[in-house]
Amino acid sequence: MPIMTPRGNITKLISILKEVEQLNPLLVLTGHGENTSVKSVSRDIQFLTFVWNAVHESLAKGTTPARIQASLPATLRIKFGKAYQDFDTSISYLLEMMIDKQRLQFAPIT
C-alpha cells in the first residue's frame, strides 16, 4: 500500500505517480519495500484515485467519518485487498488521513 503521511498531498501524489507511469520505467525503486515495476505504480494510482473519490463522494453526501470508516473498507478489500499485503493493517489509517484532508477542504472559511 502506498505510504502516506499526515502532511502529504494525496492529489499531488497521484499526479506524480501518473508522471512516473508515463515514463514507463523498467524498474521502480520505491524507497520502502522491494523494488517493483510500473505495474505497481499503475495499481497505486487506481487505488488512491478510487479511495480519494469514494471518500469525497461520501463526505459530499453527508456521510459521517465514522460511517465511512465502518463501511468503505469492505468495498476496498474486495477491489484491492489482494493487491496489498498490508491492506488490513493499513486501510483504517489511510482512510483517516483521506477523510481529514478532505474535511479540511470542505471547512468553511471564517
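Derivation of every value follows stated rules applied to the coordinates shown; laboratory data play no part. Since the model is a prediction, treat every value here as computed from it, not as a measurement. Here Cβ is always computed from backbone atoms with ideal geometry, including for glycine, and neighbour counts include all displayed protein chains.
Given the range 1-40 reduced to its alpha-carbon atoms as identical point scatterers, what log10 I(q)/I(0) does the Debye formula return at q = 0.19, 0.32, 0.35 Å⁻¹? Evaluating at q = 0.19, 0.32, 0.35 Å⁻¹ gives log10 I(q)/I(0) of -0.60, -1.19, -1.21. Here each label is just a point 7 Å from Cα along the line to Cβ, and for D86 and E19 those points are 2.4 nm apart.
Among the listed pairs K61/K82; K39/K101; K18/K39, which are separated by more than 19 Å between their Cα atoms? Listed pairs above 19 Å: K61/K82; K39/K101. Using every pair of separate Cα atoms, the Kirkwood estimate puts the hydrodynamic radius of the range 61-105 at 11.1 angstrom. Taking the charge dipole of the range 10-105 about its Cα centre, with +1 at Lys and Arg Cβ atoms and -1 at Asp and Glu Cβ atoms, the residue from V20, T63, H32 reaching farthest to the positive side is T63. Given in Å, the Rg to one decimal and the Dmax to the nearest whole number for the Cα atoms of the chain are 14.6, 49. Placing pseudo-labels 7 Å out from each Cα toward the beta carbon at A60 and A74 gives an inter-label distance of 2.4 nm. Taking the chain as the reference, fit the longest principal axis to its C-alpha atoms, fit the long axis of helix 65-80 to the helix C-alpha atoms, and give the angle between the two in degrees, 0 to 90, nearest 10. On a 0 to 90 degree scale, this one is about 30.
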